[in-house]
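To start, the structure under review is shown below, and the notes come after it.
What follows is calculated from the coordinates using simple rules that are stated; it is not laboratory data. Note that this is a predicted model, so its numbers are computed, not measured. Cβ sites come from the backbone with ideal geometry, for glycine too, and all protein chains shown count toward neighbours.
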Amino acid sequence: MARGSVTIRLVPISSAVTALAAMTHISSMAPVASIESATFVNSNLNDSAPMICMMSQSTQNAIPSRASSTKVAPPKDNAPAKFGAKGSWRWEVEGSWMNDFDSDNQLQGAWYASWFLIENFSFDFGPEVAWFSQGGGNTWGAGPAFMFRWHFLARETWSIYADAGVGLMFTGSNVPSAGSSVNFTPRIGVGASFEVASNARILTGIRWAHISNANVDDNNDGRNSIQLYAGLSLPF
């Protein structure tokens, strides 16, 4: 049979059985080229003999190879990105204490989401809640804040960084007591992170922290404090 052709024969049933057995054996062999044309070959047959039409057809992909094996897709790597990787997200809970080098104190808790814009440089934002202990009356406060943090010395399990940011604090009464109940809270500082478990880090540091209304109110009595803090950072 010529390449790319089909041969159709009219043969007696007895001959067809033999041919089918041979074709079963052939089907396990390597496939041949695809069919492009058909040729009919006349057989010397008796008119009274039962006839059967047989067609042999093979294509390159018609008979799957017994030796072929099923391809298994590799498992997806769901491991979180390494600390500081560009585009990665983390969250952080932080607690801090502030003192104005006198009698006023501030206890603060915060929750931040951290997005690393580039390698080891993150944009952190989230809510802050604070308790103010001050002359003239204690009070609570809360508000949003954001910071930029640069891990300028980054190693596999630790880093040293600088951060700076600002927040907006709404309080139940004036802070300081001669100030206003809506204030801005700029801050700047340095700190360090240490890996304490797989992809979990403790962050701790010191900041200069300020609170005042930036002259948006008639009375702009502000306060400067030193802030000591510690936090836990985990991947999303």
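Remarks
- L168 vs. criteria touching a residue at least 40 places away in the same chain (Cβ under 8 Å), in a strand (DSSP E or B) and not hydroxyl-bearing (S, T, Y): no
- Within the stretch 122-162, the set of residues being within 21 Å of the chain's Cα centre (by Cα) and among the basic types (K, R) comprises just one member, R149.
- Filter result for the condition that a residue is farther than 24 Å from A81 by Cα and in contact with an Asp or Glu (Cβ under 6 Å, 6 or more places away or on another chain), over A145, A130, A209: A145
- Count - residues of the stretch 77-106 that are more than 19 Å from I160 (Cα to Cα) and among the hydroxyl-bearing types (S, T, Y): 1
- Inspection of the stretch 129-151 identifies at least one residue that is within 19 Å of N199 (Cβ to Cβ) and either surrounded by 15 or more Cβ atoms within 10 Å (Cβ to Cβ) or among the aliphatic types (A, V, I, L, M) (or both).
Yes/no per residue for (1) hydroxyl-bearing (S, T, Y); (2) loosely packed, with under 14 Cβ neighbours inside 10 Å; (3) closer than 18 Å to N105 by Cβ:
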residue: G165; (1), (2), (3): no, no, no
residue: E195; (1), (2), (3): no, no, no
residue: R207; (1), (2), (3): no, no, yes
residue: H210; (1), (2), (3): no, no, yes
residue: S225; (1), (2), (3): yes, no, yes
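- Matching option when the condition is within 18 Å of S88 (Cβ to Cβ), in a strand (DSSP E or B), polar (S, T, N, Q) and touching a strand residue (DSSP E or B) at 6+ places or on another chain (Cβ under 9 Å), among S159, S173, S181: S159
- On inspection, S181 qualifies as without any contact (Cβ under 8 Å) to a residue 24 or more places away in the chain and within 19 Å of Q108 (Cα to Cα).
- Residues that are within 15 Å of Q227 (Cα to Cα) and buried (at least 20 other Cβ atoms within 10 Å of the Cβ) within the stretch 105-128 comprise Q106, Q108, A110, E128, listed in sequence order.
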